[in-house]
Structure formats: structure tokens, C-alpha cells
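The block underneath contains the structure these notes are about, expressed in C-alpha cells.
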Amino acid sequence: MVRMGIVIGLVMHARGSKTFREAASTLSGVTLEWVTYEYEREIRAGVERLLADKRVDGVLLGLVPYTACRDLLPADLQVTVTKPASLDLALILSRAAGRGWPMTPVSIDTFEQSIVDEVAGALDLDGTQIATLPYSPDQSATEILQFHRDHPDCYVITMRTAVARELTGRVMTAEKVVSAVRAELHELALRIESERASAQRFAAGVFFVSKQDGGVDLDKARVRLMNLLVETPEFGDAWIENRGRRGVVVFAHKVLFERITGNWVSVPALAQAEASIGLRVVAGFGVGASARNCVLLAERAAARADQEALPCGYLIEDNGLMIGPMSAAQPSLSFAYRGHPSELEAVARDAGLSAVTVARLAALERSLRGQPIAPSDLADSLGITDPSGRRLIRKLVASGLVRPDGTSQTHRKGRPTRLYQLSIDNAVDARRGTV
């Protein structure tokens with residue numbers, strides 16, 4: 001599936017909206033989703049709504065918002081945390097001088113001590129006249145207020161709006177410089193684009209019946225291995241063909257293999273293959289500049305995997321990177337249906353699907369909260385193509401894991417899109433009642 005544009009979430013205090021919008025004005029080909037807040041207590045709810053309503057590729061936010069919501073941010077989401085820089089502090093001190101204030105004595109929060117020292121040296125300021133409280137995630141507004149009040153002869157430079165509201169007297173509220181925000185935003189967009197390009201690199205996976213198993217009818221084993229991979233929904237977007245008498249080769253984008261291995265952690269397909277055909281299977285993955293190079297690297301990786309005592313997989317890239325061994329066991333997954341693992345596996349087995357796929361569908365069902373879903377949206381949620389999504393829907397219908405639930409007419413022309421209601425929870429609960 002081709003995603004047409006980059007989506008970046010921007011989380012900022014309402015005071016900084018003008019700066020961020022000006023910084024983003026030169027960026028094209030990127031959709032920006034804005035989360036603004038007046039009070040820090042609003043940050044978490046705003047980010048939760050962003051992640052629930054939009055499929056974002058990256059997030060740009062400051063230290064305070066990051067502290068408030070970092071546990072909400074998915075591990076694979078590109079994140080840039082904007083930090084106070086030397087130029088920001090130098091400009092604030094210049095603004096203070098423009099008001100007729102002496103640059104020192106001053107008390108400063110949030111800026112790192114190294115930045116304060118650098119600016120003080122450049123402006124030839126007396127460092128003993130500068131009180132600094134660097135940012136810490138554990139700081140409260142009350143603690144910062146007390147720090148500034150402990151230096152009554154100083155004017156204040158603060159990055160915290162909640163602190164500025166409570167202070168009287170001479171206060172300078174620090175703001176990011178447009179050029180700095182623009183550079184960070186452009187860097188984030190380029191990083192996302194680079195990650196996409198890397199994910200779209202061509203790759204190959206080779207699955208071999210282990211040479212450690214003697215007396216095996218290789219032709220039958222290879223056919224059964226081929227059928228297993230062809231019928232696995234996760235490989236619905238891949239090109240699969242025989243590779244010699246002992247194995248099968250899978251061609252796809254790198255991102256597909258990252259998905260089925262949990263970013264090169266494990267290869268659950270090996271355990272499924274052993275359970276299905278009763279033989280030890282190993283895997284090798286190769287990422288290179290050409291299809292031929294990918295296959296050669298994958299075969300080298302598979303040969304390396306076959307030297308291990310247990311079924312496993314290895315990755316070799318053309319830059320010399322090698323990762324392994326990747327075990328055949330399925331690691332704990334954030335989307336796993338942990339309440340009834342054995343019942344879920346039984347449901348998956350009855351439907352002819354992998355437990356991983358059914359677990360992901362169970363997580364998707366919970367996130368939909370009773371709302372129906374179109375095949376294309378289901379495919380998008382699972383990271384597979386629309387045709388693969390439609391094939392999966394047909395399997396789910398046949399297994400009673402979804403039921404039709406009306407239609408949707410997105411465009412005035414064309415046929416309505418059929419909607420479906422996922423029923424994974426009901427199937428698991430029913431299976432529990434029969435065990």
C-alpha cells in the first residue's frame with residue numbers, strides 16, 4: 001500500500017503557535033496536525049486524541065509536552081524533542097537589554113548549564129551573577145517558582161508558562177526561534193522520508209528445511225512449506241517461489257520482513273512451519289541493492305542459521321550488518337490478546353490463520369469500540385495491501401470472525417463499500433466455554 005504523504009503532529013503551547021506556523025510555512029508535501037494547550041494538564045488528553053484520530057508518522061514537541069506524554073508515543077514513531085538552544089537564550093538576553101535591564105543578575109530555568117555558560121562567555125557576562133536551574137522531568141512548577149523566589153535580586157527567564165503566570169516583576173518568557181524550529185521540523189520530515197525509503201528497499205527471505213534433519217522427502221517438505229507460506233496472510237504481499245530442492249524464497253519490501261520478525265527479533269513462521277510439517281525449518285533474510293544480491297545474502301544468512309542448535313533466523317545486509325539468531329518463539333507483543341492465549345490460538349487454528357494475525361485483529365477490535373470497518377481500513381491497520389485485506393475478510397467471514405454491518409458511500413459515484421464488524425472477542429469467549 002502506498003501512503004501518499006507524511007503526517008506530523010506538532011504539540012506546543014498556544015503562545016508558540018505563531019512561531020511554529022511560520023516555521024512550517026516553507027514545508028510542502030507534509031500534513032501537519034496541531035495540538036495546542038494553555039495548561040500543562042491539557043497536554044496528555046490532546047496527544048491521546050491525536051494518536052487515536054490520526055495516523056501520524058512523527059511528532060515534534062518540547063521538553064514539557066514530551067515529559068507529559070512520552071509513555072503514549074509508540075516505540076516506532078519518529079519523535080523530535082525541541083530543546084532550548086544557545087541562540088534562544090542570547091536573543092532573550094538581548095531583548096532584556098533592549099528594555100533597559102542589565103543582563104545580570106538573572107535567574108534562568110530549563111536551559112542546560114552548558115548553554116548558559118556558552119552564552120555568558122560569548123557576551124562576556126559574569127557567571128556568578130547567573131542562577132541556573134536546568135530542566136528535569138521531575139520538576140514541578142512550584143519547585144521552579146521557589147528557585148526564582150530564592151533569587152529576589154534577579155530578573156527571570158523562564159520557559160514555563162505556568163511559572164510566568166505566578167511571578168511578578170521582571171519576567172522574560174523564552175520562546176523558540178523560527179529558524180531553529182524550521183530546521184528541526186525539516187530534519188524530522190527528512191528522517192521520516194529516509195525511514196520510508198529504507199523500508200521500501202527490496203529484500204528476500206529464504207526458508208530452508210534444515211540439513212540437520214536426515215532422511216526427509218525434500219520435495220514433499222518443500223511443497224508443504226510453500227503452501228504454508230502462501231496461505232499466511234502476512235505474506236499476502238510477497239512473491240514466493242521455490243529455491244532449490246530444500247527451500248522457498250520470498251521476495252518483498254524490507255518493511256514486510258521487519259513486520260513479520262518484530263523488527264528482527266523473532267521468526268514465528270518457523271514455529272508454525274515445524275508444527276505444520278513436522279520438520280525443522282531455518283530462515284535467512286537479505287537486504288541488498290538487487291534481487292540477486294538479496295537472495296545470495298539470504299542464503300548465506302540461512303546457512304548461518306542452520307548451524308544453530310534450534311530453529312532460528314539471521315539477517316545479513318549488503319553493508320555488512322548481521323543480526324541473529326532470531327528465535328522461532330513469538331515474543332510478547334503489545335497487541336497480543338493476553339487474557340485467553342490458548343483459546344485465541346484455537347480460534348486462529350480453526351480459521352487457518354496465525355495467532356499473531358488474530359491477536360492483531362483482537363487489538364483492532366478493541367480500538368474500534370464497536371464501530372464497523374471497511375476492508376481497506378482493515379488492510380491499512382494491519383499494514384497489508386487492499387487485495388490482501390479483501391482476502392483476509394473472506395477468510396474471516398467464512399470462519400465467523402466478522403459479520404457484515406451495512407455499507408458506506410464515500411463518493412457519489414461508484415459502488416458502496418461494505419462494512420464489517422469484528423467478532424474476535426466473541427469467538428474467543430465461546431471457545432473458552434467449550435474448553
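To the nearest 10 degrees, how steeply does helix 268-277 sit against the main Cα axis of the chain, on a 0 to 90 scale? Computed tilt is about 10 degrees.
Quick one: putting +1 on the C-beta of Lys and Arg, -1 on the C-beta of Asp and Glu, what dipole do you get for the chain around its Cα centre, in Debye to the nearest 20? List each step's numbers first, then the result.
Numbers: 51 positive and 51 negative charges, 382 e Å.
The calculation lands at about 1840 debye.
Evaluated with a Cβ-only charge set (Lys, Arg +1; Asp, Glu -1), the range 210-258 carries a dipole of roughly 280 debye about its Cα centre, given to the nearest 20.
Note on ARG70 and HIS151: with the Förster distance fixed at 25 Å, the Cβ-Cβ geometry gives a FRET efficiency of about 0.25. Counted residue by residue at 0.36 nm each, then reduced by the alpha carbon distance between them, the extension gain from LEU91 to GLU187 reaches 32.3 nm. For the range 48-189, the pair-distance distribution built from all alpha carbon pairs, in bins 5 Å wide starting at 0, is 2, 9, 18, 20, 18, 14, 9, 6, 4, 1, 0 percent. Within straight-line reach of LYS220, meaning a Cα separation under 18 Å, sit the following aspartates and glutamates at least 8 residues removed in sequence or on another chain: GLU231, GLU241, GLU274.
Based on protein heavy atoms only, the chain ends up with 50 Å² per residue of surface accessible to a 1.4 Å probe.
Helix 291-305 axis versus longest C-alpha principal axis of the chain: approximately 80°, rounded to the nearest ten.
Order the following by accessible area, largest value first: ASP405, ASP350. Probe radius 1.4 Å; ligands, DNA and RNA are ignored.
Details: ASP405 60, ASP350 105 Å².
Output order, biggest surface exposure first: ASP350, ASP405.
Three principal axis extents of the range 151-308 based on alpha-carbon atoms, in descending order, are 88, 30, 28 Å. Distance between the pseudo-spin-label points of ARG196 and GLU231 (7 Å out from Cα toward the beta carbon): 3.7 nm. What angle do you read, to the nearest 10 degrees and between 0 and 90, between the alpha-carbon axis of helix 178-199 and the longest principal axis of the chain? Between the helix axis and the principal axis of the chain, the angle is about 10 degrees. With contacts taken as Cα pairs under 8 Å at a separation of at least 6 residues, the chain carries a relative contact order of 10 percent.
Compute the Cα gyration tensor for the range 14-58, then decide on rounded, prolate or oblate, letting a ≥ b ≥ c be the square roots of its eigenvalues: rounded whenever a/c is under 1.5, prolate when a/b is larger than b/c in the other cases, and oblate in all that remain.
oblate
Using a simple spin-label model with pseudo-atoms 7 Å out from Cα toward Cβ, ALA275 and SER114 lie 5.0 nm apart. Between the beta carbons of ARG41 and ASN293, assuming R0 = 51 Å, the FRET efficiency works out to 0.40 to the nearest 0.05.
The values are calculated or read from the model by the stated rules, or taken from the named source; none is laboratory data. Predicted model, so just to flag it, every value in this text is computed and none were measured. As a convention, Cβ positions derive from the backbone with ideal geometry for all residues, glycine included, and neighbour counts pool all protein chains shown. Only protein heavy atoms, including side chains, enter the accessible area calculation; ligands, DNA and RNA are left aside. Shrake-Rupley method; radii C 1.70, N 1.55, O 1.52, S 1.80 Å.
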